[in-house]
1. GNM, the chain, Cα, under 10 Å: largest mean-square fluctuation among I18, I135, I152?
2. Test of the criteria: in segment 1-103, which chymotrypsin sites (Phe, Trp or Tyr not before Pro) are in a DSSP loop and have at most 10 other Cβ atoms within 10 angstrom of their Cβ?
3. Report the normalised scattering of the chain as log10 I(q)/I(0) at q = 0.09, 0.11, 0.14 Å⁻¹, calculated by the Debye formula with identical scatterers on the alpha carbons.
4. Would you give the gap between the C-alpha center of segment 23-76 and the C-alpha center of segment 82-149, rounded to a whole Å?
5. Enumerate the residues in segment 77-106 having an amide nitrogen under 11 Å from the point lying 7 Å beyond the Cα of E209 toward its Cβ.
6. Just subtract the alpha-carbon distance of T130 and N91 from 0.36 nm times their residue separation and send over the number in nm, one decimal.
7. What shape does segment 1-125 take by its C-alpha gyration tensor, where a ≥ b ≥ c are the square roots of the eigenvalues and a/c under 1.5 counts as rounded, a/b above b/c as prolate, and the rest as oblate?
8. How much area per residue is accessible in the chain when the probe is 1.4 Å and only protein heavy atoms are counted (Å²)?
Amino acid sequence: MNSIQYIETELKSLRNQINTHVMYGQLSTIEDVKLFMQNHVFAVWDFMSLLKALQSSLTNTTVPWTPRRNGAAARFINEIVMDEESDIDENGEVKSHFEMYIDSMDQIHADTAPIKEFTNAIQKGVSINTAAAMIEMHSTIKAFLDFTFGIIAEGKPHCIAAAFTFGREDVIPDMFLEIIQQSKTSPEDERYSKLLYYLNRHIELDGDEHGPISLKMVENLCGDDDTKWTETLKTAKSALQHRIDLWSLISTTISNGKRTSIVN
């Protein structure tokens, strides 16, 4: 058993908690999808920060340019950056996957005001903590972001790569596709075209390209260093636990929303 296989084995319990989480059984309507996306979008946003932290660590983005020693790792991350930061949407426009996610939220009338206020504030130089307070961010989402940016602040590429590679969710896209197909009034229904495109692109890239590349990147960064492999496993476990906590928050949000609907 190699180191990647060992990590995958050690993560099975946490992955099982994610893949069998009660939240999945609650996702049955487009309204549920909206609630999910309104919370999950912050994880989509901080995923991009992990990506750019890796690019900054593994490539040279400063001028004057000088070569980095690890050309293989630089190539791995640059391939992923090209798709995640500058992919082609369903209309042929170049956009990041985060922007495509926001567009799909807008199309199904999910509430994008909080995430837009949050990112606009950060773009103006406001700190993450201040921006989070401005929108009264839930403590679970804030803890999720704090973990991510704590890993970034430590500056260990193999740990950033661990959070990036092992902290993803694998079941949600298929679940969303089923809900959308059930919600369509006709095969020509265009209300969910952006979300369908995003999900299909997400499945295509993560399964066929980004997943395998990310694992190779982790192997490259850890090499034969047992300490790095130990830190990678610890980071991966923490990333998955924060994902579980986020799923539990979304589960509660959906439950509360349905109770409110019944009362009203």
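1. I135
2. Listed in order of number, the matching sites are W65.
3. With one equal scatterer per Cα and no solvent, log10 I(q)/I(0) is -0.43, -0.64, -1.05.
4. One Cα centre to the other: 11 Å.
5. Under 11 Å, as judged by backbone N against the label point of E209, lie 79-88 of segment 77-106.
6. Full-extension gain reported as 10.5 nm.
7. Working: a/c = 2.25, a/b = 1.20, b/c = 1.87.
It comes out oblate by the Cα gyration axes.
8. Dividing the accessible area of the chain by its residue count gives 49 Å².
The values are calculated or read from the model by the stated rules, or taken from the named source; none is laboratory data. Since we're looking at a predicted model, the values are computed, not measured. Backbone-built Cβ (ideal geometry, glycine too); neighbour counts: all protein chains shown. Areas reflect the complete protein model, heavy atoms only, side chains present, ligands, DNA and RNA absent. Shrake-Rupley method; radii C 1.70, N 1.55, O 1.52, S 1.80 Å.
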